[in-house]
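S.K.: I have a structure I would like to understand better, so I am pasting it below and will then ask my questions one at a time.
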Amino acid sequence: MGNWIINHGLSAFILVVWMGINIFLFVYYYLFYDLGDRFFYTRHLLGSALAWARAPAAVLNFNCLLILLPVCRNLLSLVRGSFMCCGRSMRKQLDKNLTFHKLVAYMIGLMTAVHTIAHLFNVEWYNNSRQGLYDNLSTTLSSLEDDEDDNETYLNPIRSTSITPTYFAFTTIAGLTGVIITLALILIITSSMEVIRRSYFEVFWYTHHLFIIFFAGLVFHGAGRIVRGQVATDPPHNFTVCKDRPLDWGKIPECPIPQFAGGFPQTWMWVIGPMVLYLCERVLRFIRYMQTVRYRKIVIHPSKVLELQLEKAGFKMEVGQYVFMNCPAISQLEWHPFTMTSAPEEDFFSVHIRSVGDWTQKLIDILEQLPEGAQGPKMAVDGPFGTASEDVFDYEVSMLIGCGIGVTPFASILKSIWYKFKESNPKLHTRKIYFYWLCRETHAFEWFADLLQVLEKEMEERGMADFLTYKLYLTGWDHSHAAHVMVHFDKDTDIVTGLRQKTHYGRPNWDKEFEQVRKENPTSVVGTFLCGPESLAKTLENKCVKFSDVDPRKTKFYFNKENF
């Protein structure tokens with residue numbers, strides 16, 4: 001239990017607080033509308049569906065306030081980088097911004113479904129009351145009109161017996177905006193499924209921008225004020241006395257005609273702040289879009305990996321950070337995240353891009369056709385943005401695990417280490433790094449092996465060969481490859497990478513690796529950093545819990561994952 005608290009305690013606390021606020025809002029507003037005297041006559045027409053519609057609306061307001069904040073990346077980077085008072089555990093929560101974004105989205109989807117279904121019942125019952133299908137009280141309430149001469153205000157928003165529920169849904173502010181909001185949300189959620197994001201990123205990207213329509217509809221949705229409650233009159237209308245005498249309303253002093261009014265729209269007050277923050281994000285992105293980016297070097301490596309070395313005035317980065325890139329020649333609107341592989345000590349920044357979709361393949365095709373030494377198409381860069389890898393030098397021992405192209409943030413880290421050693425930087429407190437790279441094919445190792453060779457040589461010359469322990473794992477291989485390896489097994493260097501450290505075949509035994517790290521660092525805090533798939537993240541997260549010691553004087557593992 002103590003190990004679990006070390007790695008998940010603060011995350012669980014934040015989740016409990018968020019869920020607690022949601023439950024409180026739901027219960028409070030459910031009871032407010034289900035028991036409140038002001039809504040007695042409204043409940044008579046609608047029953048419990050009134051409370052089932054209004055309680056989710058309150059939860060929706062709260063979560064629509066939150067949904068944009070996790071994607072305000074400049075704000076998160078400011079909090080992460082500028083406020084160093086944030087402890088390690090607190091900064092880890094900022095790296096789970098997309099996880100929280102998804103949780104909030106699930107809550108919005110659930111509450112929208114409940115809210116919509118309840119209002120479908122409400123409209124049907126409003127219509128039935130207007131048709132006179134229920135008791136005298138319902139018919140009298142539905143017959144009230146907006147008439148200043150007769151001192152009447154309406155309760156039932158369906159004003160005519162000829163109006164159908166479908167017509168009402170598409171001709172009122174609340175109904176029409178509700179339909180638009182729901183359709184936009186369905187498209188956003190369905191296109192956010194992992195299979196769509198992985199295979200059809202452009203579909204995900206464009207449909208996600210329906211959030212603009214969603215928020216615009218949300219702001220105006222409450223302006224229809226279709227849910228109305230009783231307001232105070234002089235003399236007062238006491239429903240406990242008058243509910244059974246609707247035909248005497250306005251004829252006897254103790255039962256004046258009840259007055260009704262819709263509540264003031266509140267949703268805009270919940271979402272205006274996050275909307276302004278997000279607008280500032282987009283303005284900043286536009287400013288960065290207009291800034292000039294120069295190509296310093298373009299290299300196309302084997303296995304369809306493109307290396308871009310770029311220059312931009314005033315650009316400053318930290319290790320492991322990422323940028324969003326836009327190429328107007330391919331798409332004016334699409335921005336894609338890429339981790340930088342350069343070090344802060346270099347006078348340029350670089351990214352390595354693997355061909356995994358239409359956008360990346362089009363970019364590679366354009367650059368392959370360029371003449372030698374030519375500048376590429378206009379490239380816009382937004383960022384840099386902070387990630388978990390920024391904290392790597394805060395740990396005295398770090399485990400770095402990259403999968404395929406997921407090695408990119410660690411290229412930046414290892415390059416920075418090389419520069420720090422070269423300059424004898426006294427600020428380098430890290431004393432040991434374990435690096436694991438898992439790849440499916442041999443070609444994927446080629447572009448990164450040169451950096452490891454340089455580091456290998458540098459550490460040996462400085463008598464610090466033990467500073468960096470790295471293990472490369474080839475997860476995709478066949479028997480012919482294995483036979484070739486066996487023939488050259490006695491060579492000093494690996495036949496795949498040319499490094500002294502031989503390539504391993506298969507997948508790591510993580511229990512064995514964590515046990516070794518714990519044994520070699522019995523009193524250290526170990527930062528475990530992953531840039532790879534969610535399945536491996538769950539495995540490593542469990543290992544961090546399993547091998548952490550509750551005793552503060554012994555080894556503890558903190559798990560960190562890259563999220564874009």
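The values are calculated or read from the model by the stated rules, or taken from the named source; none is laboratory data. As the structure is a computational prediction, the values presented were derived from the model and not from experiment. Note that each Cβ is placed from the backbone with ideal geometry, even for glycine, and that neighbours are counted across all protein chains shown. For accessibility, only protein heavy atoms count, side chains too; no ligands or nucleic acids. Shrake-Rupley method; radii C 1.70, N 1.55, O 1.52, S 1.80 Å.
S.K.: Considering the alpha-carbon set of the chain alone, what are its Rg and its Dmax in angstrom?
M.R.: 30.9, 108
S.K.: Now for a separate question. Rounded to the nearest whole Å², what accessible area per residue is found for the chain with the 1.4 Å probe?
M.R.: Heavy-atom SASA per residue in the chain reads 49 Å².
S.K.: Oh, and also: List the residues whose amide H sits under 5 Å from the amide H of residue 399, counting only those 5 or more places along or on another chain, with H placed 1.01 Å from N in the peptide plane.
M.R.: Residues meeting the amide H criterion: 434, 527, 528, 529.
S.K.: I'd like the chymotrypsin sites (Phe, Trp or Tyr not before Pro) in region 93-126 restricted to DSSP loop residues with at most 13 other Cβ atoms within 10 Å, sorted by number.
M.R.: none
S.K.: Return the percentage of antiparallel bridges among DSSP beta bridges fully within the chain, rounded to the nearest 5 %.
M.R.: 50 percent
S.K.: Considering amide H positions built from the backbone, and no H for Pro or chain starts, which residues 5 or more places from residue 549, or on another chain, come under 5 Å of its amide H?
M.R.: 555, 556, 557
S.K.: Which of the GluC sites (Glu not before Pro) found in region 98-202 are in a DSSP loop and have at most 15 neighbouring Cβ atoms, other than their own, within 10 Å?
M.R.: When the GluC sites (Glu not before Pro) of region 98-202 are filtered for loop state and at most 15 Cβ neighbours within 10 Å, 145, 148 remain.
S.K.: What are the radius of gyration and Dmax of region 325-369, computed over its Cα atoms and given in Å?
M.R.: In order Rg, Dmax, the Cα atoms of region 325-369 give 11.9, 33 Å.
S.K.: GluC sites (Glu not before Pro), restricted to region 358-409: which are DSSP loop and have at most 15 other Cβ atoms within 10 Å?
M.R.: Those satisfying the criteria are 372, 396.
S.K.: With a 1.4 Å probe and every protein chain left in place, tell me how much accessible area residue 112 has, in Å² to the nearest 10.
M.R.: Here the accessible area works out near 20 Å².
S.K.: Treating cross-link reach as a plain straight distance, find the aspartates and glutamates whose alpha-carbon is under 19 Å from the alpha-carbon of residue 243, omitting any fewer than eight places away in the same chain.
M.R.: List returned: 34, 37, 135, 145, 152, 234, 254.
S.K.: Tell me, what HN-Hα J-couplings in whole Hz come from the Karplus equation 6.51 cos²θ - 1.76 cosθ + 1.60 at θ = phi - 60° for each residue of region 237-247, using x for Gly and Pro?
M.R.: Running phi through 6.51 cos²θ - 1.76 cosθ + 1.60 with θ = phi - 60° gives 9, 8, 5, 5, 8, 8, 4, 8, 10, x, 6 Hz.
S.K.: Taking amide H atoms as placed 1.01 Å from N in the peptide plane, list the residues 5 or more away in sequence, or in a different chain, whose amide H sits under 5 Å from that of residue 154.
M.R.: 146
S.K.: In the chain, which helices (entire DSSP H runs) extend 24 Å or more along their own long axis, judged by Cα positions, while averaging at least 1.0 on the Kyte-Doolittle scale?
M.R.: Span-like helices in the chain: 2-35, 49-66, 173-190.
S.K.: Now a separate question. Express the carbon and sulfur contribution to the solvent-accessible surface of the chain as a percent, rounded to the nearest whole number, probe 1.4 angstrom.
M.R.: Ligands and nucleic acids excluded, carbon and sulfur reach 61 percent.
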